[in-house]
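Let me begin by presenting the structure, written as structure tokens, before commenting on it.
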Amino acid sequence: MSTFSGIDISARSFDLVIKNEGTIGKAQTFKQHPDDFERAAKILKKKKVMLVVMEATGVYHLDLAVYLVRAGITVAVINPLSSKRFAELKLSQIKTDAADAALLAEYAEVMKPEPWIPPKAEYMMLKDIGRQINRLTKDKVKAKNRLHALQSKSSPTVLIEDLEESISLYGRRIDRLSQAALELILADSKLALVFECMIEAKGIGQSSAIAILAEFVVLPKDMKAKQVTRYCGLDIRVHQSGTSVKGGSRISKAGNAYLRSALYMPALSAARHDENAREFRERLV
């Protein structure tokens, strides 16, 4: 009999279960880290696993799925609704990470879904570049804040010059990576068209468009608007208990911090534009 595996994904870890000759093995837990990706791949190869099934969980599954495919392991990424329906058919009553991984291993054996094809290498590269730009931009802002603090008091000139040089270097690195990202986008006709449309929108410039596209290009194309909202961590979380506790509604901030950061300034700019337009209209009345 063939050997199958199911992997249940979470933000920081994943559980792996192997089903061999009708016997479901014990769940093994790994961290969402390249070292553990390698450990998992070695186990799957050693057991000669025919197919690995995991759910499409935003992009939490993405790095692991890409790693396994590049390691020569066949992976299928399924819609979570498919595994939910499969569990209902089996009248499954247990809901744990290990149980979900075991269920996915059974799904692999019974349903044998089509192998998953990873995003294009250029898209993965764009994502990595976009995230590096985000990190460098944050470091540049921190350096500017430190410089401002030093300039507000009597600080050695050498420290001020050192920070100014550091800020300049951050700027050059960001420009170089932004140019590389732009070349990747313009080389793809579909991305180039989306990019042109994005920069026409209020509040979105080249930097914001690159940052947003870098995250969206690796998302499943069948994600619904509500799923994207939750993935960004922009869904509303209400804090209420009975009649005595009623906190303010806030965004959950539980999703992709890179994408949320990329959307922040365009949203703020658009909100300010709408506010200015409203004030202008009120003056005319």
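The values are calculated or read from the model by the stated rules, or taken from the named source; none is laboratory data. Not measured: the values here are computed from a predicted model. Cβ sites come from the backbone with ideal geometry, for glycine too, and all protein chains shown count toward neighbours. Keep in mind that these areas ignore ligands, DNA and RNA; they rest on the heavy atoms of the full protein, side chains included. Shrake-Rupley method; radii C 1.70, N 1.55, O 1.52, S 1.80 Å.
Any residue in region 170-187 that is within 28 Å of residue 209 (Cβ to Cβ) and not in a helix (DSSP H, G or I)?
yes
Considering only residues of region 29-49 that are in contact with an Asp or Glu (Cβ under 9 Å, 6 or more places away or on another chain) and modelled with pLDDT of 95 or more, which is surrounded by the most Cβ atoms within 10 Å (Cβ to Cβ)?
37
Which one is surrounded by the fewest Cβ atoms within 10 Å (Cβ to Cβ), of the residues in region 58-69 that are within 17 Å of the chain's Cα centre (by Cα) and not aromatic (Phe, Trp, Tyr)?
63
If you check every pair at least six apart or on different chains, which have Cβ atoms under 7 Å apart with a residue in region 1-13 that is of a type in the set (D, E, K, R) first and a residue that is surrounded by 15 or more Cβ atoms within 10 Å (Cβ to Cβ) and not in a strand (DSSP E or B) second?
If the second residue must be surrounded by 15 or more Cβ atoms within 10 Å (Cβ to Cβ) and not in a strand (DSSP E or B), the pairs left are 8/97; 8/100; 8/101; 8/104; 12/32.
Of the residues in region 234-253, how many are under 15 Å from the mean Cα position of the chain (by Cα) and modelled with pLDDT of 75 or more?
Matching residues across region 234-253 total 1.
Are there any pairs with C-beta distances below 6 angstrom linking a residue in region 206-230 that is within 14 Å of residue 128 (Cβ to Cβ) to a residue that is crowded, with 16+ Cβ neighbours inside 10 Å and at pLDDT below 80, with the two at least 6 apart or on different chains, and if so which?
218/59
Search region 70-83 for residues being modelled with pLDDT of 85 or more and open to solvent by 50 Å² or more (accessible area, probe 1.4 Å), and hand back the single one that is farthest from residue 227 (Cα to Cα).
72
Return only the number of the condition from (1) open to solvent by less than 60 Å² (accessible area, probe 1.4 Å); (2) over 29 Å from the mean Cα position of the chain (by Cα) that residue 134 does not satisfy.
It is condition (2) that residue 134 fails.
Among the residues of region 58-69, count how many are part of a loop (DSSP other than H, G, I, E, B) and either modelled with pLDDT of 85 or more or touching a Ser or Thr at 6+ places or on another chain (Cβ under 8 Å) (or both).
2
Is at least one residue of region 100-121 farther than 22 Å from residue 51 by Cα, of a type in the set (D, E, K, R) and open to solvent by less than 80 Å² (accessible area, probe 1.4 Å)?
no
Among residues belonging to region 169-196 that are charged (D, E, K, R) and farther than 20 Å from residue 138 by Cα, point out the one that is most open to solvent (accessible area, probe 1.4 Å).
Restricting to residues being charged (D, E, K, R) and farther than 20 Å from residue 138 by Cα, the top hit is 190.
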